[in-house]
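Worksheet for the structure shown next.
The values are calculated or read from the model by the stated rules, or taken from the named source; none is laboratory data. The structure presented is a predicted model; accordingly, all values stated were derived computationally and were not measured. Because the Cβ atoms are built from the backbone with ideal geometry, glycine has one as well, and the counts that use them run over all protein chains shown.
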Amino acid sequence: MVFILGKGRSGTSLLQNMLDAHPAIIGPPESKFAVLFYPRFSHIKKWKESDVLLFVKFLYMEPLFSTLWHVDKKELTEKLLSVREYLDYGLACKMVYYQLRKRDEEVLLISDKNPQYILFIGTLLKIFPDACFIHIVREPRDNIYSQIISFHDKNPIFRAYQWLYFNRIIETQKKVFPDLFFFIKYENLVMNPESVMHELSAFLKIPFRSEMACNKEPRVVEAQFIQSGMGNDVGNIHKELLQPVNTSNIGKWKKGMKDFDRRVTEIITLEYAEKIYEYEKEIRPDNKIKVSRFKLLKGQYIYFIWQAFTRMRFKNVQLNLYYSKIKRFIKKDKLPIWEYF
């Protein structure tokens with residue numbers, strides 16, 4: 001198991017596609033089921049038939065899994081029941097992933113990605129003790145500008161703190177488990193895809209395949225957004241993933257980012273981005289917009305509330321399923337989730 005860790009709009013989906021181009025790698029669409037159902041099923045020592053049926057039931061109640069994965073429910077249930085006496089939670093999850101295998105080659109690796117996995121690295125290692133991680137980071141102004149234009153986001157302060165604290169969490173975990181992490185800068189990935197994927201293949205101990213550097217067959221994108229019928233909004237957000245790897249998204253913030261959004265991003269993230277990831281500050285001297293300390297503290301407070309709530313809801317299956325229904329209702333109004341606090 002390898003997990004791609006990075007804040008949303010940092011190139012995690014692109015990297016997932018590039019890995020999935022390898023015929024011996026399974027790269028499924030997003031679903032947080034492994035972490036979501038961990039509190040409910042991880043303690044089971046000897047799985048009963050009722051446990052398997054409940055696990056499958058919860059899987060198909062999880063919105064991303066039920067919408068995007070297209071796994072045959074009957075077949076999955078039969079396979080899990082056939083090995084019930086050997087099951088533990090990690091094996092049950094791997095068997096779910098394995099249902100997406102469509103090639104003849106032996107599966108060497110299963111990759112998965114979700115921005116919120118950053119908050120649950122310890123949990124992932126409990127489920128999959130042999131797991132490793134890929135940390136991908138993107139220049140913060142490009143990252144936050146991409147979120148603003150893609151999701152009509154109106155809270156750059158929250159997103160800037162998310163960029164800062166997500167990467168701080170990962171860097172802390174790297175110090176604890178240095179051998180389990182591989183680091184990629186988004187800009188290096190799109191400028192030198194073959195070189196980066198060669199190095200990543202060596203880290204993952206898999207043979208490099210030239211398809212990994214091209215993104216010519218974006219299977220993940222097709223599965224998630226074209227075949228799923230999720231609507232044009234989601235498809236438009238990821239439509240660039242249907243194109244070969246390119247550098248067109250580097251430096252977009254310079255042309256389109258509003259002065260206020262740029263200023264708060266620079267105040268919150270640039271010192272850390274320069275120190276840890278060697279991103280140049282490049283602060284425009286005529287951008288003298290003042291940002292009140294109150295707004296910054298409010299954005300930081302909202303981030304910590306969101307983080308605490310996210311950790312809490314992941315510990316309760318029913319609460320999380322209820323939250324998913326509420327969130328889908330809120331999205332119909334196209335307002336950011338924090339507008340409802």
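Residue-by-condition table, conditions (1) surrounded by fewer than 22 Cβ atoms within 10 Å (Cβ to Cβ); (2) touching a Ser or Thr at 6+ places or on another chain (Cβ under 8 Å); (3) among the acidic types (D, E):
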site: R101; (1), (2), (3): yes, no, no
site: P115; (1), (2), (3): yes, yes, no
site: G122; (1), (2), (3): yes, no, no
site: F133; (1), (2), (3): no, no, no
site: D153; (1), (2), (3): yes, no, yes
site: I157; (1), (2), (3): no, no, no
site: W163; (1), (2), (3): no, yes, no
**OP:** May I ask you to say which residue of S42, S50, S66 is more than 24 Å from the chain's Cα centre (by Cα), surrounded by fewer than 20 Cβ atoms within 10 Å (Cβ to Cβ) and among the small types (G, A, S)?
**Re:** S50
Original post:
Out of segment 33-60, which residues are in contact (Cβ under 8 Å) with a residue 12 or more places away in the chain and under 17 Å from Q99 (Cβ atoms)?
Top reply: F33, A34, F37, V52, L53, F55, V56, F58, L59, Y60
Subject >> The listed residue being outside any helix (DSSP H, G or I) and either in contact with a Ser or Thr (Cβ under 6 Å, 6 or more places away or on another chain) or modelled with pLDDT under 95 (or both), out of F225, F208, F182 >> reply: F208
Subject >> Answer from N167, N114, N143, N192 - the residue that is of a type outside the set (A, V, I, L, M), over 26 Å from F260 (Cα atoms) and at pLDDT 95 or above >> reply: N192
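Matching residues to (1) polar (S, T, N, Q); (2) out of contact with any helix residue (DSSP H, G or I) (no Cβ under 7 Å at 6 or more places or on another chain):
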position: L68; (1), (2): no, no
position: Y89; (1), (2): no, no
position: Q99; (1), (2): yes, no
position: E106; (1), (2): no, yes
position: D142; (1), (2): no, no
position: Q162; (1), (2): yes, no
position: F166; (1), (2): no, no
position: E171; (1), (2): no, no
**OP:** All but one of (1) at pLDDT below 85; (2) exposed (fewer than 11 other Cβ atoms within 10 Å of the Cβ); (3) assigned to a helix (DSSP H, G or I) hold for Q318, so report the exception by its number.
**Re:** (2)
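Any residue that is more than 25 Å from Q307 (Cβ to Cβ), in contact with a Pro (Cβ under 6 Å, 6 or more places away or on another chain), among the polar types (S, T, N, Q) and not in a loop (DSSP other than H, G, I, E, B) - is there at least one of those in segment 10-19?
Of segment 10-19, the ones more than 25 Å from Q307 (Cβ to Cβ) are 14, 17-19.
Add one more test, that the residue is in contact with a Pro (Cβ under 6 Å, 6 or more places away or on another chain), and what stays is 17.
Keeping just the survivors that are among the polar types (S, T, N, Q) gives 17.
Okay, now just the ones that are also not in a loop (DSSP other than H, G, I, E, B), so 17.
Among the residues of segment 10-19, at least one is more than 25 Å from Q307 (Cβ to Cβ), in contact with a Pro (Cβ under 6 Å, 6 or more places away or on another chain), among the polar types (S, T, N, Q) and not in a loop (DSSP other than H, G, I, E, B), which makes the answer yes.
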Original post:
Of the residues that make up segment 1-12, is at least one more than 30 Å from S248 (Cα to Cα) and more than 25 Å from the chain's Cα centre (by Cα)?
Top reply: no
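Tell me, please, whether a residue that is outside any helix (DSSP H, G or I), buried (at least 18 other Cβ atoms within 10 Å of the Cβ), at pLDDT 90 or above and out of contact with any Phe, Trp or Tyr (no Cβ under 8 Å at 6 or more places or on another chain) can be found in segment 279-300. Full working, then the answer.
Kept after step one, since they are outside any helix (DSSP H, G or I), are these residues of segment 279-300: 279-292.
Adding the requirement that they be buried (at least 18 other Cβ atoms within 10 Å of the Cβ) leaves 279.
Right, trim to at pLDDT 90 or above and you get 279.
Then drop every residue that is not out of contact with any Phe, Trp or Tyr (no Cβ under 8 Å at 6 or more places or on another chain), which leaves 279.
Among the residues of segment 279-300, at least one is outside any helix (DSSP H, G or I), buried (at least 18 other Cβ atoms within 10 Å of the Cβ), at pLDDT 90 or above and out of contact with any Phe, Trp or Tyr (no Cβ under 8 Å at 6 or more places or on another chain), which makes the answer yes.
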Original post:
In segment 22-32, which residue that is surrounded by fewer than 22 Cβ atoms within 10 Å (Cβ to Cβ) and either small (G, A, S) or at pLDDT 95 or above (or both) is nearest to W253 (Cα to Cα)?
Top reply: S31
